[in-house]
Amino acid sequence: MSTGAVVTLAAALFAPAAVAAPAAPVAPAAPRAAAAAPDIPVANVKAHLAQLQSIATANGGNRAHGRTGYKASIDYVKGKLDAAGFTTSLKTFTYNGSTGYNLIADWPGGDTSHVVMAGAHLDSVTGGPGINDNGSGSAGILETALAVSRAGLQPTKHLRFGWWGAEEYGMVGSKNYVNSLPAAERSKIETYLNFDMIGSPNPGYFTYRYDTALDALFRDYFAGIGISTEQDFEGDGRSDHAPFQDAGIRVGGLFSGADYTKTSAQAAKWGGTAGQAFDRCYHSSCDTSANINDTALDRMSDAIAYAIWTLSAGTTTPPTGTVFETTADVQIPDYGAAVTSDLAVTGRTGNAPAALQVAVDIKHTYRGDLVIDLVAPNGTAFRLKNSSGSDSAPNVQTTYTVNASAVPANGTWKLKVQDVGQQDTGYIDSWKLTF
């Protein structure tokens, strides 16, 4: 992760609209992948890290831009991808009088006008081998790419992976890549996912907060394995997602923490040691193969695969549909009775769809207290979210899919929310249905 210039990035929120007014069709959140994502063997990821460590050891102790260790790292990754059937290309640039390299790998097939891309910087600082920063992210996406090959994946969307040079000098490589793309090619990249430091020895579980749907994708994945995430603020503008964000491409990603200090609350939630940095060897010579938490590396790598499989399987054509939305705030009493927010749906024919999209934006200081139901006009209730004592993060900003094909579409739909725990407050900010 770079200590270069910081850019201001804002979290994407649901856009306001008139209450219960039909709007232009919009695409729902990406559906679950048709094929389940594989478990990524952490032993394989660690084997890549061992190779990067060996490369650094043989090349002056680092893999920095302009040094022989970086080019050897690029050659190692490229060799693996070429053997796995990817179409690879080296993109060169010049910085500080030295040639830099970005490696781009495309998986054949998929709709090339709808690209899902994952990336990580491969360079280290000059003062160390950079095994967590950022061998970990580079190895995680490499093994995910190799898993794509092993599975013979045939995604609907086109898959692309990138390894960036000179990130430690201020995202030089990724800026060069994004800025060199013609506008028409940039517009084809629907999603960019960044993975910079995913094996910190005193780890946290942080999600990028800039896109609501992508944040929810990772948050829900980790909730499914009993881990509560937090949104990342330490890494704002300090890694390779920033050039993509600046170009108007939606971005997401994962981060296990750098030189910020783990709090007592975070240690209680995730384990590890309070009062110590997430990575005490950040940008130091001790960022070696010994500077990795295997459990975090394993979980993060699996989450990368889950995101790639899920996002690349989505339909490339937005479905014909109509959006109904209410932005009227409804207060949620602390440890009180359930409240409802009403949404009138008119002009539909027959029953609701089998994949009704329910986008929810609830501001709350402890979302684990919340139980959320969608109630159809005939009184049928669909459970969207149960309470969870381990989910201590704030807010519910996500999209649910329910099979509502057995209930009528027209009428008053209700979002029903109850706070079943004490000492936390919030309100329903907005919610919408996409038919």
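Summary of values
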{"read-out": "Candidates Thr261, Thr273, Thr229 - the one that is under 28 Å from Lys46 (Cβ atoms) and within 17 Å of the chain's Cα centre (by Cα)", "value": "Thr229"}
{"read-out": "Selection within segment 218-241 - small (Gly, Ala, Ser), closer than 21 Å to Trp164 by Cα and in contact with a helix residue (DSSP H, G or I) (Cβ under 8 Å, 6 or more places away or on another chain)", "value": "Ser239"}
{"read-out": "Among residues of segment 385-419, those that are more than 23 Å from the chain's Cα centre (by Cα), open to solvent by 60 Å² or more (accessible area, probe 1.4 Å) and either more than 24 Å from Gly224 (Cα to Cα) or β-branched (Val, Ile, Thr) (or both), counted", "value": "4"}
{"read-out": "Residue within segment 117-132 that is in a helix (DSSP H, G or I) and touching an Asp or Glu at 6+ places or on another chain (Cβ under 8 Å) present", "value": "yes"}
{"read-out": "Candidate set: segment 159-197, residues that are open to solvent by less than 10 Å² (accessible area, probe 1.4 Å) and polar (S, T, N, Q); chosen: the one farthest from Asn96 (Cα to Cα)", "value": "Thr191"}
{"read-out": "Among (1) crowded, with 17+ Cβ neighbours inside 10 Å; (2) at pLDDT below 95; (3) farther than 30 Å from Leu343 by Cα, the one test that Gly135 misses", "value": "(2)"}
{"read-out": "Given (1) open to solvent by less than 10 Å² (accessible area, probe 1.4 Å); (2) of a type in the set (A, V, I, L, M, F, W, C); (3) part of a helix (DSSP H, G or I); (4) farther than 30 Å from Tyr400 by Cβ, number of the condition Leu146 does not satisfy", "value": "(1)"}
{"read-out": "Residue in segment 236-243 that is surrounded by fewer than 21 Cβ atoms within 10 Å (Cβ to Cβ), in a loop (DSSP other than H, G, I, E, B) and out of contact with any His (no Cβ under 7 Å at 6 or more places or on another chain) present", "value": "yes"}
{"read-out": "Every residue from segment 244-271 that is of a type in the set (Phe, Trp, Tyr) and either in contact with a Pro (Cβ under 6 Å, 6 or more places away or on another chain) or outside any loop (DSSP other than H, G, I, E, B) (or both)", "value": "Phe244, Phe255, Trp270"}
{"read-out": "Tally, over segment 151-182, of residues that are in a helix (DSSP H, G or I) and at pLDDT below 95", "value": "1"}
{"read-out": "Candidate set: segment 201-229, residues that are within 22 Å of Ser264 (Cβ to Cβ) and of a type in the set (S, T, N, Q); chosen: the one surrounded by the fewest Cβ atoms within 10 Å (Cβ to Cβ)", "value": "Ser228"}
{"read-out": "Failed item in (1) open to solvent by 10 Å² or more (accessible area, probe 1.4 Å); (2) over 19 Å from Leu254 (Cβ atoms), with Asn102 passing the rest", "value": "(1)"}
{"read-out": "Residue pairs meeting the criteria (Cβ under 7 Å; at least 6 apart or on separate chains; first in contact (Cβ under 8 Å) with a residue 40 or more places away in the chain and under 11 Å from Gly128 (Cα atoms), in segment 43-68; second of a type in the set (Lys, Arg) and buried (at least 19 other Cβ atoms within 10 Å of the Cβ))", "value": "Ala56/Arg63"}
{"read-out": "Every pair of residues 6+ apart whose Cβ atoms lie under 6 Å, when the first sits in segment 390-406 and is without any contact (Cβ under 8 Å) to a residue 60 or more places away in the chain while the second is of a type in the set (A, V, I, L, M) and surrounded by 18 or more Cβ atoms within 10 Å (Cβ to Cβ)", "value": "Val396/Val360; Val396/Ile362; Tyr400/Val358; Tyr400/Leu384; Val402/Leu356; Ala404/Ala352; Ala404/Leu356"}
{"read-out": "Residues that are over 12 Å from Leu433 (Cβ atoms) and open to solvent by 40 Å² or more (accessible area, probe 1.4 Å), drawn from segment 364-383", "value": "Thr365, Tyr366, Asn378, Gly379, Thr380, Ala381, Arg383"}
{"read-out": "Filter result for Gln331 (part of a strand (DSSP E or B) and either among the aromatic types (Phe, Trp, Tyr) or at pLDDT 95 or above (or both))", "value": "yes"}
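The values are calculated or read from the model by the stated rules, or taken from the named source; none is laboratory data. As the structure is a prediction and not an experimental result, all values here were calculated from the model. With ideal geometry, Cβ positions are generated from the backbone for all residues, glycine too; neighbour counts draw on all protein chains shown. Ligands, DNA and RNA are excluded from the accessible area calculation, which covers all protein heavy atoms including side chains. Shrake-Rupley method; radii C 1.70, N 1.55, O 1.52, S 1.80 Å.
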